[in-house]
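A quick write-up on the structure given underneath.
No value in this document is a laboratory result; all are computed from the given coordinates. The model shown is predicted, which means the values in this text are computed figures rather than measured ones. Cβ atoms come from the backbone with ideal geometry, glycine included; neighbour counts cover every protein chain shown.
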């Protein structure tokens, strides 16, 4: 279940599927006929995780704490 | 019921238009100077600007064009084009935002060419950047008025040109009246509408399709469905090149070069709150854009299960996917939600058009005429001329609606990639590399502008996207981005170390040259 964190915006839809008893990852490679797994979908999972959680949330919270530690660097010139 | 539903949808859209124009009229009284007009007196709450920037990034292209493209060509476009834009907001804060904001008052920065001119020095870089902005503003707006034209003409029962002209005119009127202040308030409303509409749309789509997995499995089982779901097959083996071009260069780092999005940073009240702009921009974009991409997938499901017509065959264009879904499907089944969704798409188009009108007008009146040829204008003259220039840009956009749709689509290809290629390399290097010089920056902006425009022409006319990508490996804009970046580095290494005054504030370790007057005094 925690693996859902590795998905982004459509994770909630997959979660709803699971709650309804349909256990699938949705995307090709997880049981969909005629759609073979390709490594590009692994990239999708990694990218969604980076774009949804790591890059906006982690970096901006880091920037916030950095700005608090160096208030002189965020003053008007 | 469908006719009653469409009337309900039309009523919601008309109420929304009246509300937006009312805010424009109200904000007019609060404009006292060009600074109020262009950057809201640098006193706008960061959350409002985060919403505005996210709305400008989403634009009608993502709400309208992208679902159509996904319906026509495959789901991969969502992950290649839409998702990386989420990263563009924090990337902009990390590399550029702090300097843009904390230097804004000292150097009276209002536009992107302002920033480039103060860092690199010289007039030419301002002029090249301003020309790139005017071209991209006028032509990228195409996607917006196509969306507005199609939706308003469908829902109000007028022809496409009238619908498009009406939609643009509303945006031009409120932004000329109320400037940045009106834009910030209206877009906070617009984006709130977009978020609500997006969340409802996803819920409805889920119930229509019987679940996410069922939707994709059903599409996969249809003729051509496997290719539609597999990016390699969907792009005929060229998907990786498109992916690298957009995910790595244009959607993510390229966002730093989008004036309609990034120029909002000048208006933030407190520089220390920039992080919230980056976070809000990314998350709001991440909620809204994928939701409309999902609607493209839902419509595909409805088509393959016989619940929707083949949109491309019936309307001769995939651009009608969202129009069909909102006006005919939701108009019959849930008109209030359909009306909200339509208002959401129009709001997204306005978020971008008002930004383009401001950028285009400022590029003409301030960056070219005022900064390079008429530096003695009073603030009152500047404010008046900004409004006149914005009116000219607005009229140009309205005239563009008269061109045939095919030509407009072709011209729109210059859009986002053109902005990214022209401005992003010079902006990103200005804060991260101390070796930049005036001529390096000027040459880089010029190369980005020319390469992106030239290759766009080549791939749109004789080759087509897939053949172009297989032959040249990267998208036209990505080539402009990469070559612009290389040009700045190479030319900077071999030219005289001349820079603008802001450069020495950013790179404090580099000693500023003494002013000639000071040298004369010491001698």
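Observations, loosely collected:
- Full extension of the chain between residue B:11 and residue B:376 gives 126.6 nm of extra length, using 0.36 nm per residue less the Cα-Cα distance.
- Both the radius of gyration and Dmax for the protein assembly as shown are 23.6, 88 Å, in that order, over alpha-carbon atoms.
- For chain B, the longest principal axis of the C-alpha atoms and the axis of helix B:2-28 are separated by about 20°.
- Tilt relative to chain B, helix B:335-362 - C-alpha long axis, 0 to 90 degrees, to 10: 20 degrees
- The Cα center of region B:115-169 and the Cα center of region B:206-283 differ in position by 22 Å.
- Rounded if a/c under 1.5, otherwise prolate or oblate - region B:309-367, Cα gyration tensor axes: oblate
- With a Förster radius of 56 Å applied to the beta-carbon distance between residue B:511 and residue B:169, the computed FRET efficiency rounds to 0.60.
- Spin-label model distance (nm) - residue A:72 vs residue B:196, 7 Å beyond Cα toward Cβ: 4.8 nm
- Cα extents of region B:272-388 along the three principal axes, largest first (Å): 66, 38, 23
- Region B:182-265 - Kirkwood radius from inverse mean 1/r over Cα pairs (Å): 16.4 Å
- Convex hull volume of region B:42-121 per residue (C-alpha atoms, cubic angstrom): 117 Å³
- Quick note on region B:124-260: its Rg to Rh ratio, both from C-alpha atoms and Rh being the Kirkwood radius, is 1.05.
- Residue B:28 versus residue B:270: modelled label distance in nm, points set 7 Å from Cα along the beta carbon direction: 3.5 nm
- Cα-based helix-to-principal-axis angle, B:274-304 vs chain B, degrees rounded to 10: 30 degrees
- Using the empirical formula 2.2 N^0.38 Å as the baseline, the Cα radius of gyration of chain B reaches a ratio of 0.96.
- Computed over region B:5-89, the ratio Rg/Rh where both radii use C-alpha atoms and Rh is Kirkwood: 1.10
- All-pairs Cα distance distribution in region B:274-337, expressed in whole percent, bin size 5 Å: 4, 15, 20, 20, 13, 9, 8, 6, 3, 1
- Projected label points at residue B:463 and residue A:15, each 7 Å from Cα along the beta carbon direction, are separated by 4.4 nanometres.
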